[in-house]
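Down below is the structure, laid out as structure tokens.
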Amino acid sequence: MPSAIPAFWTTPIGWTLLTVGQILLVTVVLLLTVAFLIYGDRKIFAGVQMRKGPNVVGPFGLLQSFADLGKFLIKELIIPAGADKVVFLLAPLISVTLALGSWAAMPLAPGWVVSNINVGILYLFAVSSMGVYGIIMGGWASNSKYPFLGALRSAAQMVSYEVSIGFVIITVILLAGTMNLTRIVELQGGGFWNWNILGGGLKNLPLALVMIPMGVIFFISGLAETNRPPFDLPEAESELVAGYAIEYGSTPYMLFYLAETANIILMSGLMAVLFLGGWQAPFPTPFTASWAPTLVSLFGLFWLAAKTFCVFFMNAMVRSVVPRYRYDQLMRLGWKVFLPTSLVAVALVAGWRVYAPVAFGAAG
């Protein structure tokens, strides 16, 4: 009988139940993380401005996000008379579905990933790139000038910075030799000197001069990709009131906000996975060899969470202290600075991978 229980999970029904359970678990944990990181974001913003921030609902204001959720859910859903009602309601659903679906290929700890596909980076890049469709549909379906302008800005902005992100990711693929995110993290084990941001090992240490700027470009491009200040031109309140979300309220607006925050956490986690070793500790951990697999996975999850929260903290500080860019500055940074820099970096990393083993007399 005991041997029949593990065998059940290999059957089609067992595999389906297991996968659905994993998806629900990741989704619930992600939604709770979103709630508390929104609280943290507001607290950091308040601290920079010497305010208290949320401090009424629950101890230290910790339940503020849940109070906001209740408010959104009970508010009346209003659809403008001239709006395309189907597209208007479909837009936030598409945004939040794509934002949550991106987490399917994100490795959270050793053996903890919903779908460990060989082209994990390609999947994440493709799904996150489609997020712009929700914003474009929302802006167009609102049948109003400001939302439409916000949607157009978002399309141009996301396309501009996706190019740079793509080339930065190529440098990581060249270093690791794989597009499997789990394998990329495994190759960065053994200590912080093996992290990709430092070249992926002592033998590649000169590449740190290339990979550190690539990490910075990835971080800044992630801000632009998620419409995060100082690149929040699609929803600039001083120009477009609320951009593509002007006509939205109640639950649809909440879904847009949820999608944006989930994408911010995804980009922070991806920064940790691609450049900062993912779940790997910043020092050798031979003492974990005798641990149970579940304990090792929890240990790895702790480090991934810590790195993700550190990147998110930097994200929140940028939002708090950096003034919003003009649109021409935004485009110039993407096309005239980040694009050529990342192109040169791809060439340098590729050249190092090909010629360095020959120059140092190592096996290719």
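All of the numbers you see were taken from the coordinates with simple rules; none came from a lab. Since the structure is predicted, the reported quantities are computational estimates derived from the model, not experimental observations. Heads up, the Cβs are rebuilt from the backbone with ideal geometry, glycines too, and the neighbour counts pull from every protein chain shown.
Taken over the Cα atoms of region 1-121, the convex hull encloses 236 Å³ per residue. Label separation (residue 321 vs residue 350): 3.8 nm, computed from points 7 Å beyond Cα along the C-beta direction. Applying the criteria of a DSSP loop state and at most 14 other Cβ atoms within 10 Å to the trypsin sites (Lys or Arg not before Pro) of region 110-192 yields no site. Here region 304-344 is treated as a sphere whose radius is the Kirkwood value from Cα pairs; by Stokes-Einstein at 25 °C and 0.890 mPa s it diffuses with a coefficient of 201 µm²/s. The calculated FRET efficiency for residue 116 paired with residue 290, based on their beta-carbon distance and R0 = 30 Å, is about 0.75. Only loop residues by DSSP count here, and only those with at most 13 other Cβ atoms within 10 Å; note down the chymotrypsin sites (Phe, Trp or Tyr not before Pro) in region 281-364 that meet that. Qualifying residues, ordered by number: 291, 360. Divide the volume of the convex hull around the Cα atoms of region 185-333 by the residue count and you get 122 Å³ per residue.
Evaluated over the Cα positions of the chain, the convex hull gives a direction-averaged projected area, one quarter of its surface, of 22.1 nm².
Here the Debye sum runs over all C-alpha atoms of region 57-97 as equal scatterers in vacuum, and log10 of I(q)/I(0) at q = 0.24, 0.30, 0.32 Å⁻¹ comes out as -0.87, -0.99, -1.01. Once the chain from residue 13 to residue 78 is taken as fully extended at 0.36 nm per residue, the excess over their C-alpha distance is 19.2 nm.
Above 18 Å, the calculated P(r) of region 87-226 contains 63 percent of its Cα-Cα pairs.
Relative contact order, whole percent, for the chain stands at 21, derived from Cα pairs under 8 Å and 6 or more residues apart.
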